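The values are calculated or read from the model by the stated rules, or taken from the named source; none is laboratory data. Keep in mind that what you see is a predicted model, and the values were worked out from it rather than measured. Note that we place each Cβ from the backbone using ideal geometry, even for glycine, and neighbour counts take in every protein chain shown. Ligands, DNA and RNA are stripped out before the accessible areas are found, and what is left, the full protein with its side chains, is counted by its heavy atoms. Shrake-Rupley method; radii C 1.70, N 1.55, O 1.52, S 1.80 Å.
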Amino acid sequence: MPSPYRAIFGRPGTRSFSAAGLLGRMTLSMTGIGVVTMVSQLTGRYGLAGALSATIALSAALIGPQISRLVDRHGQRRVLRPATLVSLAAIAGLLLSAQQRWADWTLFCFAACAGCVPSVGSMVRARWAELYRGSPRELHTAYSWESIVDEMCFILGPILSIGLSTAWFPEAGPLLAAVFLAAGVFWLTAQRTTEPVPHPREQQAKGSALRSRGLRVLVGTFVATGAIFGAIDVVTVAFAQEQGHKAAASLVLAVYALGSCVAGAVFGLLHLSGHPARRWLAGVAAMAVSMAPLQAVASLTGSLTLLAAALFLAGLSIAPTMVTTMALVEEHVPRAQLTEGMTWTSTGLAVGVALGSSAAGWVVDAAGADQAYLVPLTAGVLAALIALAGYRRLRPRSAPAPSTPAARGIPSPAKAPADERHDPSRTN
């Protein structure tokens, strides 16, 4: 392991909570695709399968930030364990109702409750932020590591979920996802020494973390970014099917995630200067530009190999942008609402994935898979426009004018405490 990564794992407990986070996050990449595979095998109804997957995603987008707000107030252990039990019970009900062919409305009820799953990635990043607060170099490497873990989940998760559901029994994929969730959350919450200290209600800023204008820019951009990811998944599966190699779609999408994984590993080794807002804007723009070749490759060549190469290059901009986003969330959200703020970015992604999947499916049916690659391109352009319009809310403030007391040699007052500096009334 390169030295910056070795350094961040020098603190006691870091290896354990990161490993627990890996297990807990596997469900993120396995549940949706596992439900699609299960329902389509049991009923042959792809429309129902997609609607249930979207219901789970949107439910998680609505409930996730509320769970994280409670975590900031009461602590991870007290909140995550009961929330996870609710989600596990809902997943069990969904599997049973699908297997027993119960009425469709029961499936949707259980799918909506399954969205009570906590944002495990945000919980792990909050632990890193607590350990390395005030150490931007180490925190940059830690966020890069967690981005690598995210991509590992998205490389392995769909392969496991689809493979088990098709080779063993239809419910196997979602069932394993539930096992990973339970193991990861209960292992993570058993580690008390690295758990961030909760902030009681009287220390909480009033209202949601979304009061921060900077966070609203990040979340809005991530809705469009999530549409890129959702569209890419649907269109790539459809394109592979048109080429007569539907099973190869999982490998092509794994290459997409591999590009992000490689970029995240390299990005964590860099010692970067300058404000992260500039890097973030450049990353979002690069994601938009990387979508441009996909439609041409698909329509002109029909080659899955060339498409995989184009997606690998497109994936190189993902992890660095995600890492920089976490740094901006920490800067623009009050410390007492950090977990909630990180979860709101995941919520934006989830909403975008649902929207992008739906739009891409409609275009595939209407115009074919090769033309449907215009959907992620459109989403990428929209993300870049939102990022550009909101950049002024994220960029660093101007340096103080020479007329300040410090410039005239008058001693300046001591810095305010961290919590005071994060007063929401000063948040951009």
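Between 0 and 90 degrees, the angle of helix 172-189 with respect to the longest Cα principal axis of the chain falls at about 20 degrees. Stretching the chain fully between Tyr391 and Arg81 yields a gain of 107.8 nm (0.36 nm per residue, less the alpha carbon separation). Counting Lys and Arg as +1 and Asp and Glu as -1 over every other residue whose Cβ lies under 10 Å from the Cβ of Leu70, the net charge comes to +1. A simple spin-label model places the labels of Ala7 and Arg133 2.1 nm from each other, with each point 7 Å out along Cα-to-Cβ.
For region 58-114, trypsin sites (Lys or Arg not before Pro) are listed when DSSP marks them as loop and at most 12 other Cβ atoms sit within 10 Å of their Cβ; the list is Arg101. Of the solvent-accessible surface of the chain, computed with a 1.4 Å probe over protein heavy atoms with every protein chain present, carbon and sulfur atoms account for 66 percent. The string of couplings for region 66-76 from the Karplus curve (6.51, -1.76, 1.60, θ = phi - 60°) is 5, 4, 5, 5, 5, 4, 4, 8, 10, x, 5 Hz, one whole number per residue in order, with x for Gly and Pro. Helices in the chain, meaning DSSP H runs of at least 4 residues, each add -39500 (n - 2.57). Divided by all residues, the mean residue ellipticity at 222 nm is -25000 deg cm²/dmol.
Could you tally the net charge around Ala257, taking each other residue with its Cβ under 12 Å from the Cβ of Ala257, Lys/Arg +1 and Asp/Glu -1? Summing Lys and Arg as +1 and Asp and Glu as -1 gives -3. For region 126-185, the list of chymotrypsin sites (Phe, Trp or Tyr not before Pro) that fall in a loop by DSSP and count at most 15 other C-beta atoms within 10 angstrom reads Trp168.
Does anyone have the angle between helix 136-167 and the longest principal axis of the chain? Alpha-carbon axes, 0 to 90°, nearest 10? The two axes meet at around 10 degrees. Rolling a 1.4 Å probe over the heavy atoms of the protein chains gives the chain an accessible area of 43 Å² per residue.
Within the shell of other residues whose beta carbon sits under 15 angstrom from the beta carbon of Leu28, the net charge comes to -2, with Lys and Arg scored +1 and Asp and Glu -1.
Net length available on complete extension from Ala183 to Thr301 is 38.0 nm, with 0.36 nm assigned per residue and the Cα-Cα distance removed.
Between Leu251 and Ala19, residue separation times 0.36 nm minus the direct Cα-Cα distance comes to 81.1 nm.
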